[in-house]
Amino acid sequence: MTIQLRTIANARCGDKGNKVNIAVFAKDAKDYHILLDQVTPERVAAHFKDLVFGEVKRYEVPTIYALNFVLSEALDGGGSASLRVDNLGKCFASNLMRMEIRGG
């Protein structure tokens, strides 16, 4: 069964320069292991392939069941340089929550 990431997680995000930071929080230890297995840097990069042109790094924070992603070259040069309609990183967390994963 395929589900959206938002079914098992919440997220917050922000931006600085041309980078976006997305923190994804699982609701419990079981869901955290699903995040570890399925929400990889490669899958996040593929999810944002039309918006993010740099590296995607993942940092694991097991004490709070969280993953932190840093996406480089994500804002078309940054908030003051971009011609995008929404040129800030605030929408990236909502976008990532629509990523499809295998549910249990």
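Things to note:
- Across the stretch 65-80, rounded Karplus estimates of 3J(HN,Hα) from the backbone phi angles (6.51 cos²θ - 1.76 cosθ + 1.60, θ = phi - 60°) give 6, 10, 10, 10, 10, 10, 10, 8, 6, 9, 10, 6, x, x, x, 7 Hz, Gly and Pro being marked x.
- Counting only Cα atoms, the size of the stretch 50-95 along its three principal axes is 39, 20, 18 Å, in decreasing order.
- The label point for Lys30 and the one for Lys49, both projected 7 Å from the Cα toward the Cβ, are 3.3 nm apart.
- Total lysine pairs in the chain at Cα distances under 23 Å, for residues eight or more apart or on different chains: 12.
- Normalised by the number of residues in the chain, the mean separation of alpha-carbon contacts (under 8 Å, six or more apart) gives a relative contact order of 40 percent.
- For the stretch 7-53, the mean projected area of the C-alpha convex hull, equal to one quarter of the hull surface, is 3.7 nm².
- Relative contact order (%) - the stretch 56-104, alpha-carbon pairs under 8 angstrom, separation at least six: 21 percent
- Estimated Rh, the chain: Kirkwood, alpha-carbon pairs, angstrom: 13.7 Å
- Simple point charges give the picture: +1 on the Cβ of Lys and Arg, -1 on the Cβ of Asp and Glu, and for the chain a dipole about the Cα centre of about 200 debye.
Laboratory data are not the source of any read-out in this text; all were calculated from the coordinates shown. The shown structure was predicted, so the numbers you read here are calculated from the model rather than taken from an experiment. Here Cβ is always computed from backbone atoms with ideal geometry, including for glycine, and neighbour counts include all displayed protein chains.
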